[in-house]
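Computed from the coordinates by the stated procedures, all read-outs in this text should not be read as laboratory data. Values in this document were obtained by computation on a predicted structure and should not be read as measured data. FYI the Cβ positions are ideal-geometry reconstructions off the backbone, even for glycines, and counts take in every protein chain you see.
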Amino acid sequence: MPYLDQVVLKVLPDGAARAIALEKGEIDLVPQNGLPEAEIQRLAQLPTLQVSSAGAEALGPNLWLEVNLREGPLADVRVRKAISMALDRSRIIDVIWYGYGKPGIGPIVSDNANFFNKSLKPLAFDIEKANTLLDEAGHKKGADGVRFKLTQHYLPYGENYVRLAEYIKQQLNKLGIVVETKSLDLASWLKTVYTDWDFDITTTFSHNYSDPSIGIERTFTSHYIKRGASFTNSMGYRNPRVDELFTAARREMDPVKRKSQFSEIQTILNDELPVIFLMEMQYVHVWNKKVNGLIANGISMYSNWDSVWKSE
Amino acid sequence: MAWFLLVRLLQTIPVILAIASLNFLLLHMAPGDAADIIVGTSGHGSAEAAEELRRSYGLDKPLFQQFFVYIGHLLRFDLGVSIIQGRPVAELIAERIGATLILMLSSITIAVVVGVPLGIFASLRYRTVTDTVLTVLALVVYATPQFWLGLMLIVFFSITLGILPSGGMRSIGVELDGLRSVIDVAKHLILPALTLGLFYVAVYTRLMRASMLDVMTLDYITTARAKGASELRAAFVHAARNALLPVVTVIGVQVGHLLGGSILVETVFGWPGLGRLVLDALLQRDLNLLLGILFVSSIVVVATNLLVDVIYGFLDPRLVQE
């Protein structure tokens, strides 16, 4: 070992071009959602290619809508719950992500057997109840049918996020919430969301990694409310109990107690929705069947590939 | 001609400086900077780390100070270091410019070699079925998005026929040298060059056709015919030279468009040229690299237009004498 003599990393910026190169046999592997989901479905039919979502369990990508809690209607948990109820997670997964994902339920993905809280209630899809909640929160519809306006940003990581933004806008419109979508490139988006805090809602995703102290603490604790610190607590979320639990979990050596601490955190966050959990993402890899040994652990595409080999 | 060249050359200097200044100002107006990208995509950055990066790259200085430092370096032809890649900008450009120039020159060659004769042919078959077919075909190609055209060419030639590679500049995992290497690059060049060039084939076909139709009505062409010249001789020997003048002008203008168009084509085909480099630099706010590429591109465009003026001078010496 290693069995391979060389590994060539070819940079092909366009997803369709990557699909064609893989189909033609010019490349052997496109890992971790490097292909558009529509292409994955098509290529899965070919006898020469292998499609798998195994080998990324330790990453646990979790897609959610970050909400600026600092002022305005979004500071009210009822408004956030109403927004959550307007979004059909199954539809998002089936239509935009072609079935590659599971409905999001909390900060820790369900594949994380060590820490996932199985008693969490799924987030409901109920437009009627969402409208009722907004009425109770004091945001009645005006004569024009509008309750209030929001600005939406989205993670500039490809077309799926554009479509998701369109869907969110469309669904919130049914609640009388008028959404203006702003399109920014990565540098502008990072500055707007994490430095200027100049947003209402934005999609983003975060890797759980294996341990919540590494994966999610930075999003939900108040000492990570820092301008310029990207992919941290952009929402301005403060809950002393959550802070206390995360701090305790960092030092806790008893795995049972630790799991209990994270279970309580998940229950609180599932209820308070400082972010609106949307989807547990799946990383899908597509490779030439001649390549063997790729799926070795929970972070296979980052591994050393010493036992990967290619048949003639 | 020498004086004409000197005057045109001196005119290019303020033009290039003005372009460089405008690029600098426009790019600094975009929100976010390289520090945001480096720290943001590291996954665990802090505001302090971003500020430290800005200090080390001079991005925290007042804009006018950054501008004068930039102009000072430019006058010494020092393009600086890429903030993201940490390598001299000149080196990064040198690695990629060859690929882009090959692509651009191939596209222009295809466009001129195919478009100009097609335009002449269409003009000689004016108001016939042939003329109509060529005109409509040119219009369809002109209106077709390059992105889609590129992908369709890949599907047809790479997948269906299997005779050409789908992307890249060279075959992977194969060490070739000499003629075999040239042939390998040539095979990879065909589809991207066609994608970029076909649009200009359509442009030059229609332009040459219109220009020929104008010139063929002039008195000196009538005289040529009266003196016994065949229609073909009147067209190719007498009319074409004058009819080429607008086409030559458009070639100069469209070099700039080709540079921009190459971004799209290089993305679709994975062609490792400047187009992809500039897109990456823009998205990563790598200002030094971006400004360096724009500076070199402006020199290429200005130099090409200078060349166009020289060719113009040969085609129509009256312009030089004026």
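Quick look at the values:
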| quantity | calculated |
| --- | --- |
| At 1.306 mPa s and 10 °C, Stokes diffusion of chain A via Kirkwood alpha-carbon radius, µm² per second | 76 |
| Per-residue mean of C-beta atoms belonging to partner chains within 10 Å, peptide B:32-40 | 6 |
| Among B:Leu290, B:Gly270, B:Phe147 - extreme Cα towards positive end, dipole of the range B:89-321, charges at beta-carbon | B:Phe147 |
| Span from the the range A:68-129 Cα centroid across to the the range A:187-229 one, whole angstrom | 18 |
| Relative packing of A:165-177, B:175-187, which averages over residues the other C-beta atoms within 10 Å, highest first | A:165-177, B:175-187 |
| Pairwise label distance in nanometres, B:Arg55 with B:Val310, each label 7 Å out on the Cα-Cβ vector | 5.1 |
| For the range B:109-124 and the range B:141-181, distance of Cα centres in Å | 25 |
| Student exercise, the range B:89-321 dipole from Lys, Arg, Asp, Glu Cβ charges, in Debye to nearest 20 | 720 |
| Shielding by partners, peptide A:9-22 (average Cβ within 10 angstrom, other chains) | 6 |
| Virtual spin-label span in nm between B:Leu218 and B:Phe156, 7 Å along Cα→Cβ | 3.7 |
| Cα-based Kirkwood hydrodynamic radius, the protein assembly as shown, one decimal, Å | 28.7 |
| Relative contact order for chain A, counting Cα pairs under 8 Å that sit 6 or more residues apart, in percent | 32 |
| ³J(HN,Hα) computed for each position of the range A:237-251 - Karplus, 6.51 cos²θ - 1.76 cosθ + 1.60, integer Hz, glycine/proline x | 6, 10, 9, x, 5, 5, 4, 4, 5, 5, 5, 5, 5, 5, 9 |
| Which of B:Tyr200, B:Met104, A:Thr151, positive extreme of dipole for the protein assembly as shown (C-beta unit charges) | B:Tyr200 |
| Estimated translational D of chain B in µm²/s (Stokes, Kirkwood radius over Cα pairs; 20 °C; 1.002 mPa s) | 95 |
| Using distinct alpha-carbon pairs, which all enter the 1/r mean, Kirkwood radius of the range B:1-139 in Å | 20.1 |
| Per-pair calculated FRET efficiency, R0 = 60 Å: A:Ala124 and B:Leu105 via Cβ, rounded to 0.05 | 0.45 |
| Contact order relative to length of chain B, as percent, for alpha carbon pairs under 8 angstrom and 6 or more apart | 28 |
| Whole-angstrom gap from the range A:1-53 to the range B:226-291, using each part's C-alpha centre | 34 |
| Inter-chain shielding of B:280-288 (mean C-beta neighbours from other protein chains, 10 Å cut-off) | 2 |
